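*Asks:* Here's a structure for you.
The values are calculated or read from the model by the stated rules, or taken from the named source; none is laboratory data. Source: prediction; values computed, not measured. Because the Cβ atoms are built from the backbone with ideal geometry, glycine has one as well, and the counts that use them run over all protein chains shown. Accessible surface areas use protein heavy atoms only, side chains included; no ligands, DNA or RNA. Shrake-Rupley method; radii C 1.70, N 1.55, O 1.52, S 1.80 Å.
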Amino acid sequence: MPSFIIKEGVERAPHRSLLRAVGVKDEDFKKPFIGIANSYSEIVPGHYHLRELVEYVKKGVREAGGVPFEFNTIALDDGIAMGHVGMKYSLPSREVIADSVEIMAIGHQFDGLITVSSCDKITPGMLMAVARLNLPAIMLTGGPMRAGNYKNKKVGLIDVFEAVGSYKAGKIPLQELLEIEEVACPGPGSCSGLFTANSMSILVETLGLTLPYGGTALAESEERKRIAYEVGKKAVELVKKGVKARTFLTRESFLNAIAVDMALGGSTNTILHLLAAAKEAGVELSLDDFDEMGRKVPHIAPIYPGGPFMLEDLHEAGGVPAILKAIKDKINLNLPTVSGLKIKDIVEMASIKNREVIRSVENPVHKTGGIAILKGSLAPKGAVIKTAAIGENYYFKGKAVPFNSEEEAFGAVIRNKIEPGSVIVVRYEGPKGGPGMREMLDITSAVVGMGIDDKVALVTDGRFSGGTRGPAVGHVSPEAYDMGPIALVEEGDIIEIDVKNRRIDLLVDENELKRRASKWERPSPKTSSSFLLRYASLVTSSDQGCILRRPL
């Protein structure tokens, strides 16, 4: 066990002395030391309850014969950071989280690792750390929030964003907006739909890194507490058996995760995060794998915002095990999980309890997966679109209206400056150009709320929230800051989006594009932050998962 380095031998007397100061007893020095990375925060709803939850984790560790050591990581709430400069820090925070877990785990030579997280970049950062460190490890996510209720209808955070657009368009009164605001987020947990946080929790379970039903059990439930306790016990067992994280992080398990993602129509951000985690695990994965799986695995679960059902409905319908059962012919069933069960064992015990929530592959919502990879002259290296919310045969051809920032585009939408038939192009919001590849939930929600989502399309080298629904193409690569074709778009250019044929094209003569390219100049960075400038200098493109280049 690595911890012998800090606790055995005469030379380690100073180390033991410091450990005694935090309550370590003589008998504890013979036990596994388990690091617990907790992203508890008082400002993030998905993390607000983690301090209580981690006590159950610690109890499990102690009862299994280990010594728990809790430490913290940062957690940025994407919803609160949305629509202003704070969103530039969201994706970069993923790297900080992964690095901070590495620093603590190696600096203190933990024998095993438990990560306790929730929300959009925190769980991915934890997953990257788990893959990078390759210690015996297990993950616990905090669980989804209960859905809100407004006029006998389940609502969530996206209803608030879209209500803003409806109010601006004069479709609802201010009082109705305020009433929705008050009830949409009723308590702790990751927002109640299939947004990035819950998508990643589900994929962590699919990868085999947490216990069955750990991806969907509600945050405020006794089941979540029981899972937390069992996670603590299981971490010690993994250490004693010497089972490391990469046992579960194989190419086959990542393909399983992509299959589940397609079946659910999860957040497009999962593509960035799975690519990044695979890189940390030494696993080959590319956009082509997502494209291939999306053609094979149908979208079978209409989960909000791509349908009427919330995460609590998915859990009650059977959770991740039921999804795996529904697509069992599309996945590898012989893979191990931290529970000690193989995927096939979990599938055999699973039950699909509601066929409206989890349909069969013979009766899908859409015949192809809920996320599509598009390529073409506007995005030679790829772009993504969430087809779960718009359909597998979506087609749009319109005149480009380019903007060089999110703020400019949002202002135009809110002021009704966008004509029907327009393709709103938001550029210089990519990983380098943003910097930070901001999400554009304000814009997409405004478009839906104002009732023009069937009349316009949106295209960006930035990102769209997992809560986005409507015609939104993101992750356009190469990005504008690297003089991708999106940088050369001019007002009135024709852009064609053809989901069925997986194409996105800028219908401009090649010679004209060369002429524009000869006059193009890279704009000055849109930040003075040394942190964001450092990130921009190291980050790779979105088709590579926005991982950081190794500086040496």
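*Asks:* Report the dimensions of the stretch 439-523 along its three principal axes from the alpha-carbon atoms, largest first, rounded to Å.
*Replies:* If we take the Cα atoms of the stretch 439-523, the spans are 40, 27, 22 Å.
*Asks:* A further question on this structure: For the stretch 272-336, count all C-alpha to C-alpha pairs, find those more than 19 Å apart, and express that count as a whole percent of the total.
*Replies:* Value for the stretch 272-336 (Cα pairs over 19 Å): 51 percent.
*Asks:* Determine the distance separating the Cα centre of the stretch 425-448 from the Cα centre of the stretch 325-351; give it in Å without decimals.
*Replies:* About 37 Å separates the Cα centre of the stretch 425-448 from the one of the stretch 325-351.
*Asks:* Classify the stretch 372-476 as rounded, prolate or oblate from the Cα gyration tensor: take a ≥ b ≥ c as the square roots of its eigenvalues, call it rounded if a/c is under 1.5, otherwise prolate when a/b beats b/c and oblate if not.
*Replies:* Here the stretch 372-476 falls in the rounded category.
*Asks:* Another question, then. Residues with beta-carbon under 12 Å from that of Glu8, excluding Glu8: net charge, scoring Lys, Arg +1 and Asp, Glu -1?
*Replies:* +3
*Asks:* With a 10 Å radius around each residue's Cβ, average the other Cβ atoms per peptide and rank 248-255, 78-85, highest first.
*Replies:* 248-255, 78-85
*Asks:* Additional query: Restricting things to alpha carbons, tell me how big the stretch 328-425 is in terms of Rg and Dmax, in Å.
*Replies:* In order Rg, Dmax, the Cα atoms of the stretch 328-425 give 20.7, 57 Å.
*Asks:* Is the shape of the stretch 70-155 best called rounded, prolate or oblate, per the rule: a/c under 1.5 gives rounded, else a/b larger than b/c gives prolate, else oblate, with a ≥ b ≥ c the square roots of the Cα gyration tensor eigenvalues?
*Replies:* Oblate shape, in that a/c is at least 1.5 and b/c is the bigger or equal ratio.
*Asks:* Follow-up. For Lys514, Lys526, what's the largest-to-smallest order of accessible area, 1.4 Å probe?
*Replies:* Lys514, Lys526
*Asks:* Considering only protein heavy atoms and a probe of 1.4 Å, how much of the accessible area of the chain is carbon and sulfur, as a whole percent?
*Replies:* Within the chain, the accessible surface is 50 percent carbon and sulfur.
*Asks:* Once the Cα gyration tensor of the stretch 50-93 is found, what semi-axes does its equivalent ellipsoid get, as square roots of 5 times the eigenvalues, in whole Å, sorted largest first?
*Replies:* Each semi-axis is the square root of five times an eigenvalue, giving 34, 10, 6 Å.
*Asks:* Then there is this: Whole-Hz ³J(HN,Hα) for each residue in the stretch 359-368, computed from phi via Karplus 6.51 cos²θ - 1.76 cosθ + 1.60 with θ = phi - 60°, x for glycine and proline: what do you get?
*Replies:* Result, ordered by residue: 7, 8, 5, 7, 10, x, 5, 9, 6, 10 Hz.
*Asks:* Using only Cα atoms, what Kirkwood radius does the stretch 398-552 have, in angstroms?
*Replies:* 16.0
*Asks:* Any idea of the accessible area per residue across the chain, 1.4 Å probe, to the nearest Å²?
*Replies:* Value returned for the chain: 38 Å² of accessible area per residue.
*Asks:* Could you derive backbone 3J(HN,Hα) for the stretch 189-204 from the dihedral phi with the Karplus parameters 6.51, -1.76 and 1.60 (θ = phi - 60°), listing whole Hz in sequence and x where the residue is Gly or Pro?
*Replies:* Residue by residue, the stretch 189-204 yields x, 6, 3, 6, x, 8, 8, 4, 4, 6, 4, 5, 4, 5, 6, 4 Hz.
*Asks:* How far is the Cα center of the stretch 1-80 from the Cα center of the stretch 474-549, in Å?
*Replies:* 43
*Asks:* What area, in nm² and to one decimal, does the C-alpha convex hull of the stretch 210-295 cast on average over all directions?
*Replies:* Its average projected convex-hull area is 6.5 nm².
*Asks:* Now, a different point. Give the aspartates and glutamates reachable from Lys225 as a straight Cα distance under 14 Å; neighbours fewer than 8 places away on the same chain don't count.
*Replies:* Glu52, Glu55
*Asks:* Taking amide H atoms as placed 1.01 Å from N in the peptide plane, list the residues 5 or more away in sequence, or in a different chain, whose amide H sits under 5 Å from that of His49.
*Replies:* Close amide H contacts, sequence-distant or interchain: Gly189.
*Asks:* Let me check the size of the chain from its C-alpha atoms; what are the radius of gyration and Dmax in Å?
*Replies:* Cα radius of gyration and Dmax of the chain are 23.2, 77 Å respectively.
*Asks:* In square nanometres, what is one fourth of the surface area of the convex hull spanned by the alpha carbons of the stretch 1-96?
*Replies:* 8.0
*Asks:* List the aspartates and glutamates whose alpha-carbon lies under 19 Å from that of Lys325, not counting same-chain residues fewer than 8 positions away?
*Replies:* Cα-Cα hits under 19 Å: Glu205, Glu252, Asp261, Glu312, Asp313, Glu316, Asp345, Glu348, Glu356, Glu362.
*Asks:* Under 5 Å between amide hydrogens, which residues at least 5 positions from Lys500 or on another chain qualify, with H placed 1.01 Å from N in the peptide plane?
*Replies:* Tyr394
*Asks:* How big is the stretch 478-552 by the Kirkwood estimate over distinct Cα pairs, in Å?
*Replies:* That comes to 14.8 Å for the stretch 478-552.
*Asks:* Under 25 Å Cα to Cα from Lys455, which lysines show up? Leave out anything in the same chain fewer than 8 places away.
*Replies:* Lys168, Lys171, Lys367, Lys375, Lys386, Lys397, Lys399, Lys417, Lys500
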